[in-house]
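To start, the structure itself, in structure tokens.
Laboratory data are not the source of any read-out in this text; all were calculated from the coordinates shown. Owing to the predicted nature of the structure, the values given are computational and were not obtained by experimental measurement. Heads up, the Cβs are rebuilt from the backbone with ideal geometry, glycines too, and the neighbour counts pull from every protein chain shown.
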Amino acid sequence: MPRAGFSAGSPKVDVVIDMGNPLLNRTVDGFLKIGAVGACRVAAEDAFECLHKGSVSKNKLEQTLKKMCKEGAYWGTVAGVYVGVAYGVERVRGRYDWKNALIGGAVTGALISVAGNGKADKIAKDAITGGAIATAVEFINYLT
């Protein structure tokens, strides 16, 4: 089940979303976690920019919120697709290993490239990049 938590000291707040299906649960979990990271990245960058300039305006705040939503949705979608594909591959293959990450990353990279109107060469490069990154992360997780 997707869980999101926030802890600042002793009390902890957990949010649980049950979609009724393990594939959907993992996909939503990936979307929420990585989407939140993408939104926080934008907030941190824009906060730094405002502090550096020494001024904050209503217009800048509105732009930041729109940018946070856009980046959060984009990166959340990428993560959700990856997690969903990797889990689906795991279920089809009946194994949990680095090959699931490789296939999930390659399919996700290709899908994101196709959605961005990529040409055949770019789609292939993005598939290779996605597979390589996902496999590297899986190996790093294995080592730690």
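Against the main long axis of the alpha-carbon atoms of the chain, helix 22-53 sits at an angle near 30°. The residue list 54, 64, 110 was ranked by how far each Cα lies along the charge dipole of region 50-115 toward its positive end, using unit charges on Cβ atoms, and 54 comes out on top.
Could the peptides 95-101, 111-117 be put in order, highest first, of the mean number of other beta-carbon atoms found within 10 Å of their residues? Mind dumping the intermediate values first?
Working: 95-101: 16.1, 111-117: 14.4.
Top of the packing list down: 95-101, 111-117.
Taking every alpha-carbon pair within the chain, the share separated by more than 20 Å comes to 60 percent.
What lysines sit close enough to residue 125 to cross-link, taking a C-alpha to C-alpha distance under 23 Å and skipping anything fewer than 8 places away on the same chain? Here the lysines satisfying the reach criterion relative to residue 125 are 99. Based on the reciprocal of the average 1/r between different C-alpha atoms, the Kirkwood radius for region 97-144 equals 10.5 Å.
Sort 49, 90 by Cβ crowding within 10 Å, fewest neighbours at the top. Before the final figure, lay out the partial values.
Numbers: 49 12, 90 18.
Lowest count first: 49, 90.
Beyond 16 Å, what share of the Cα-Cα pairs of region 19-84 is found? Please give it as a whole percent. Numbers along the way, then the final one.
Details: 1095 of 2145 pairs.
Beyond 16 Å sits 51 percent of the P(r) for region 19-84.
Relative to the longest principal axis of the chain, what angle (0 to 90°, nearest 10) does the C-alpha long axis of helix 120-143 take? Approximately 90 degrees, to the nearest ten.
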